[in-house]
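Laboratory data are not the source of any read-out in this text; all were calculated from the coordinates shown. The structure displayed is predicted, hence computed values, not measured ones. Glycine also receives a Cβ, built like all others from the backbone with ideal geometry; neighbour counts cover every protein chain displayed.
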Amino acid sequence: MTAKIKSSCLRHSMKTIHLNWYGPFTLEDVNEYIFNHDTMCEGLNGFGLYAWTGKKIRQRTDACLLYIGITEISYKIRFGKKPPPHAHTHEQINLDKYVWLGKVQNQDATKKDLEAAEYLLVSHCAPGLNKTKLNHPPFSCTVISQFFKNDGETPYKRVPSIIRVIPEVVIWNHETEKISDIPGRLRTYTPG
């Protein structure tokens, strides 16, 4: 009986990944200011996600979320120039190009957790330039996102619409194969 209870609990466990998103930044911000004068976004040295927004050539619609990626190295190195045919996806973005840096807050997060968050956000948000990781994560997980201005400290009172497509809470239940999100903005208050 105990073995059945333990396996049932394991089967229903869910990993929670907490991301703090900072932005928007230009590529120049990432390459020069942030990491040469690293007082405003201390700790944004990698092991996180990133989200590129903007417009592609001949895109007639407004700027939008175009790509979500993952890095285990510094953002500056990750976005460095690569020769074709290994060019970065962000090089396909021509206008209104900005990046949001998603720093994992879980101290015990692994690469597997980071990839699960990427899978979940890509499958839920469907950015136009993502060609891989379109399926759901291999295990149940919840991604909680908080959004901060590019000063690294000030939370957004109203998240900019261009990045609002990333929900503050999104849940993947591997057993039921369903995604749930919480629309709107989470409210913070002091009870009493």
Self-check item: Cα Rg, Dmax, the stretch 9-181, angstrom units
Solution: 15.8, 51
Self-check item: Sorted by Cβ neighbour density within 10 Å, fewest at the top, the residues Phe147, Phe47
Solution: Phe47, Phe147
Quiz prompt | Potential extension, Arg158-Ala126 segment - 0.36 nm per residue separation minus Cα distance | solution = 9.3 nm
Self-check item: Too-long pairs where the Cα-Cα distance tops 27 Å, listed order kept, from Lys76/Lys111; Lys15/Lys133; Lys97/Lys133; Lys103/Lys131; Lys76/Lys178; Lys56/Lys178
Solution: Lys76/Lys178; Lys56/Lys178
